[in-house]
Structures are given as structure tokens and as C-alpha cells.
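The values are calculated or read from the model by the stated rules, or taken from the named source; none is laboratory data. As the structure is a computational prediction, the values presented were derived from the model and not from experiment. Every residue, glycine among them, receives a Cβ derived from its backbone with ideal geometry; neighbour counts consider all protein chains shown.
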Ligand SMILES: O=C(O)CCC(=O)C(=O)O
């Protein structure tokens, strides 16, 4: 049954994510980021900011995934599916076309956090990701990896991840290996699950940080911080979240990050499709004249 990479974590130990607050001194926050390789801001975004994204995703995922008032989470109706399954491919372009998904990462509150980490002007990657962590898909969860490898990025790049609803330990939480960013970009091998590659974990690295999250929680992690999703072991509950990447303005950005997420595999998923119904054009093609693409 446990045929995926997650059985490799049977000896892992877990501690809660170290918490940060926006009103702490910037130097203290940056020092913690450099020490742990991540910052966790519980309840940072108000639900009025996250709810449109959650509701938009649920509309696109209907009737396969629906909100359950009883569980207080999305739940799966029917067969499970994961990123790049045919059903996911059919539903994902409309999730990508959500103006709220892209706009979320350009709003004031997340901009403030990114500026704080970047110590000045930052660049938000055009590629925005929406995650559907379905139950009953053991072994297909995101394997441990470094975004420096998957996005061909340097040390000033970081990931920013937002919880859209509360999620507990059964629901495939995002899990980080504290301090792992200090040991360089690691060798990888092929793996099942989102992204398809897994990086090396050294023998002394057994302590992972993970917490139950609530809607509006934000996690920022260094491009070399090893992270993964735990298995979703629930019978029906689904974890939905969104994330993107950012870097110091002017840092090199690799060209695949300029496409919509999975635009390289799903033929109709290009920026024309994404932007077709947007009301505000300010964020369309904002990235086109970025000076350091390769
Ligand atoms: O949310 C997830 O399941 C994976 C997120 C992730 O790996 C990432 O943002 O790089």
C-alpha cells in the first residue's frame, strides 16, 4: 500500500513550524529566514482576500470536489486525481484563468512580505500554481525537492505558499526541512508525484517542520529549502492551496517560468486563454519587459 516515496519518512521527526509575525523587526525576520530557510506567518491574509480564490477553485472543480460545511474543507466526490491526470488537465485551464489566483500575489499584503524578504524591489514570477491535494492518491504527493532545481533559480528566489482553508495532519500538509537551504543544490532522481523529481536527503536530516494550517496562513521558503507535501491520508477531504515564486528584481529568471503553470503540456493553456476574461488588464503581461530572462 505504501508504495510511494513517503514510506521513506517513517523515521522522520516533526516539530511545528516556527511562527513569525509581520510586526517583528525586519532584521529579526530576515535572520530567521536565513537560519531556518523559511518564514511562517499564521493567519496573515484575511479571509476576504483568500475566499475569492477558494470559491473560484471550487467552481472550477465542481462537481468533482465540493465544499463540505460538515467537514469545513473541500471534499472529493468520485475518483481521486492528481496533477497531470486527464481530469486535472481538463479542469486546470479554468483555474489558471482565475484573475483572483494571479491577483492574490500582487496584492498589498503579500507584496509587503515579499519586499521584506527581498530587502527591496522584487519580481513575482508570472507562473502561479494552484494545488489540489486529493485523498486516496498515496504516493503521488509532491516529493521532497528544492525549487532552485525545478525553477533553475538562484539564491534570491523564494517560494510563497498560501493556505486557502484550514488543513490538518491527514490532509497532505506542506512540510519543510529546516536549515536545508545551507547545503547547496542537491542531486535529484526521478520520483512519482507532482514535479516528478526528488532531491537527496542526507542521513542526519530527520527533523521536519510542519503545522496544521488555517485559511490565510502564508509560508515563504528559500529556493534551496527542501520541502514536500505529506500524504493526504484522509478518506475524502482535499487540500487546496496556491503558491508562486519571487526573486530580487533583476535576478535571472528561467524562461519556463514565463508560461502558465502546465502551459507546456496542456495545448490550450496559454496567456491568451488565461487573460481572456480578466476585468483589469494591469497585470496582463506585466513580466514581458523583465530585464533578466534566460
Ligand atoms: O503545496 C504543495 O503540495 C507543494 C508546494 C510545493 O512544493 C512548492 O510550492 O514548491
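Answer yes or no: is there a residue in the stretch 98-114 that is more than 25 Å from residue 30 (Cα to Cα), in a loop (DSSP other than H, G, I, E, B) and either more than 16 Å from the ligand (Cβ to nearest atom) or at pLDDT below 95 (or both).
Taking every residue of the stretch 98-114 in turn, at least one turns out to be more than 25 Å from residue 30 (Cα to Cα), in a loop (DSSP other than H, G, I, E, B) and either more than 16 Å from the ligand (Cβ to nearest atom) or at pLDDT below 95 (or both).
Quick one: is residue 211 within 30 Å of residue 88 (Cα to Cα), more than 12 Å from the ligand (Cβ to nearest atom) and touching a residue at least 40 places away in the same chain (Cβ under 8 Å)?
yes
Quick one: is residue 71 outside any helix (DSSP H, G or I), closer than 18 Å to residue 173 by Cβ and within 18 Å of the chain's Cα centre (by Cα)?
Spelling it out, it is not the case that residue 71 is outside any helix (DSSP H, G or I), closer than 18 Å to residue 173 by Cβ and within 18 Å of the chain's Cα centre (by Cα).
Would you mention how many residues in the stretch 227-251 are under 24 Å from residue 36 (Cα atoms) and part of a loop (DSSP other than H, G, I, E, B)?
Going through the stretch 227-251 one residue at a time, the tally reaches 4.
So in the stretch 186-206, with the set limited to residues that are modelled with pLDDT of 95 or more, under 18 Å from residue 152 (Cβ atoms) and in contact with a helix residue (DSSP H, G or I) (Cβ under 7 Å, 6 or more places away or on another chain), which one is farthest from the ligand (Cβ to nearest atom)?
188
Which residue, of 156, 142, is assigned to a loop (DSSP other than H, G, I, E, B), in contact (Cβ under 8 Å) with a residue 40 or more places away in the chain, within 11 Å of the ligand (Cβ to nearest atom) and crowded, with 17+ Cβ neighbours inside 10 Å?
142
Out of 165, 152, I need the residue that is closer than 24 Å to residue 293 by Cβ and under 18 Å from the mean Cα position of the chain (by Cα). Which one?
152
Consider residue 224 against the criteria (1) at pLDDT 95 or above; (2) assigned to a loop (DSSP other than H, G, I, E, B); (3) closer than 19 Å to residue 126 by Cβ: it satisfies all of them except one. Which criterion is unmet?
Unmet condition: (3).
Can you tell me which residue among 81, 33 is surrounded by 14 or more Cβ atoms within 10 Å (Cβ to Cβ) and outside any helix (DSSP H, G or I)?
Of 81, 33, the one residue that is surrounded by 14 or more Cβ atoms within 10 Å (Cβ to Cβ) and outside any helix (DSSP H, G or I) is 81.
With the structure loaded, tell me whether residue 172 is under 16 Å from the mean Cα position of the chain (by Cα), at pLDDT 95 or above and within 22 Å of residue 11 (Cα to Cα) or whether it fails that test.
Yes: the conditions hold for residue 172.
For the stretch 84-97, how many residues meet the condition of being in a helix (DSSP H, G or I) and without any contact (Cβ under 8 Å) to a residue 12 or more places away in the chain?
So the count comes out to 2.
Considering only the stretch 261-277, state which residues are surrounded by fewer than 16 Cβ atoms within 10 Å (Cβ to Cβ) and in a loop (DSSP other than H, G, I, E, B).
Answer for the stretch 261-277, where residues must be surrounded by fewer than 16 Cβ atoms within 10 Å (Cβ to Cβ) and in a loop (DSSP other than H, G, I, E, B): 264, 265, 267, 268, 270, 276, 277.
Of everything in the stretch 118-137, what is away from the ligand (no atom under 14 Å from the Cβ), assigned to a loop (DSSP other than H, G, I, E, B) and more than 26 Å from residue 42 (Cβ to Cβ)? Give them in sequence order.
121, 126, 136
Is it the case that the stretch 118-132 has a residue that's surrounded by fewer than 18 Cβ atoms within 10 Å (Cβ to Cβ) and either free of Cβ contacts under 8 Å to residues at least 12 places away in the same chain or out of contact with any helix residue (DSSP H, G or I) (no Cβ under 9 Å at 6 or more places or on another chain) (or both)?
The answer is yes; a qualifying residue exists.
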